[in-house]
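Structure, as C-alpha cells:
Laboratory data are not the source of any read-out in this text; all were calculated from the coordinates shown. Owing to the predicted nature of the structure, the values given are computational and were not obtained by experimental measurement. Neighbour counts are summed over all protein chains in view; Cβ atoms, including those assigned to glycine, are modelled from backbone coordinates with ideal geometry.
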Amino acid sequence: MATSVAQPFPGFYDAAKTDSRPTETKLKEEYLTCEVCNKTYDYSKHAPHELPCGDTVCLDCLRQYAGRNGKAEEMYCPVCDRLTKVPGNHVCCFPPSAGTLKILEVFKLVEAHKKDFVPCIGCDDKAEARCLECQENYCEEHANFHSIVAATKSHTIVKFNDILAEPQKILRANGAQFCSKHPNSHLEAVCTSCNALCCLVCAITDHRGHHVKEIGDTMNTIHERMRPLMKKVEQNTYNIKQWYQRRVRESKSRWRLSRRKK
C-alpha cells in the first residue's frame, strides 16, 4: 500500500529537492512576479511596492484593489487580506520594494550582457562581474583587484553567469536578512519571548510555544506606540522654533534701539 507523505508548507526550504526550472525562469517566478496578477515587475505600471504586512504587490494591482484609481485611506492587502492604512491616501505612496527592484536591475543587466556589450567601469574591456555593494561592473582583471583592495575586499563580487542563480546575495548586499539555518528563508517573524528575529520554519520548530508575531504586526504596534511620542517631538520642535524666532526679533529690536541712541 502506498504511503502518503505530508507535503511541507509553501516556502519550506528543502535542500535535497532539485529544481529543474531554468535559472532565469526560477528567478522571475520567485522574485520578479506579482503574486496577484502574475505579471513581471517593471519600473512603471507593474512597479513593486511593499506593504506594512511585508507583502510585495505591483502598483497596478494596488490601484485595482484600492479602487478610485488608487485613492484610499485604507485597504486590504491583495495577498494576505490584512487591513492596512494607505500612506498619503494613495497607493503610489507605499514604499517601493528595494530588494525586488535591485534584483530586477541585475536581471535586466544580465540580459543586456548576453545581448550587448556591457563595459567595465575601469577600462574599455567587456565586464564579466558585478560588485553588488558598489553596483558597478568590472572586467576579470579589475574584479580581482577590487576583491583584494583593503577598502573593498569584503564586497560581494559575482560573475554575470552566476549572479541569477544566487539572488540571496543581491538581497543580502542591500540589507535583506535571511535565516542562518534556512538560507533561502527570509526573517519574517519576531519571537518576543527570545527577543529574536526568525523565519517561518524556525517559528514553528525552535520557537514553538513562544510568543511569535509577524514583523508587520510588530511594526504596526511600534508605530502606534511611537505616534504620541512623535506628536510631542513635533510640538516641542515647534515651540523651540517659536522661541528662537522670538529671541531673534528681540535681539534685532535691541540692536536698532542701540543704533538710534548713538
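Key figures
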quantity	calculated
Modelled FRET efficiency - R0 51 Å, Arg225 with Val118, Cβ distances, 0.05 increments	0.60
Filtered GluC sites (Glu not before Pro), the range 37-108: DSSP coil and at most 11 other beta carbons within 10 Å	Glu73
J(HN,Hα) series, the range 48-57, from Karplus relation 6.51 cos²θ - 1.76 cosθ + 1.60, nearest Hz, glycine and proline x	x, 10, 9, 8, x, 6, x, 7, 10, 9
Under the Karplus curve 6.51 cos²θ - 1.76 cosθ + 1.60, θ = phi - 60°, whole-Hz ³J(HN,Hα) for the range 94-105, x wherever Gly or Pro sits	4, x, x, 7, 4, x, 5, 5, 5, 5, 4, 4
Label point at Cys93 placed 7 Å out along Cα→Cβ; residues across the range 57-72 whose backbone nitrogen lies under 16 Å	63, 66-72
Protection-proxy order for peptides 127-136, 38-47, each taking the mean of Cβ atoms within 10 Å per residue, highest first	127-136, 38-47
In sequence order, calculated HN-Hα J values of the range 71-78 (Karplus, 6.51, -1.76, 1.60; Hz; x Gly/Pro)	8, 6, 8, 8, 7, 8, 4, x
FRET efficiency, 1/(1 + (r/R0)^6) with R0 22 Å, evaluated for Tyr76 and His211 via beta carbons	0.30
Span from the the range 67-114 Cα centroid across to the the range 37-52 one, whole angstrom	5
Interchain or long-range residues, amide H under 5 Å from Glu136's placed H	Cys131
nm² value of the averaged projected area, convex hull over the Cα atoms of the range 24-150	9.7
Other-chain or far-sequence residues with amide H under 5 Å of Arg82's (modelled H)	Cys77
Sites Asn144 and Ala165 - FRET efficiency at Förster radius 25 Å, r taken between beta-carbons, to 0.05	0.75
Cα-Cα over 23 Å, subset of Lys28/Lys108; Lys26/Lys159; Lys85/Lys213; Lys114/Lys159; Lys26/Lys114; Lys153/Lys181	Lys153/Lys181
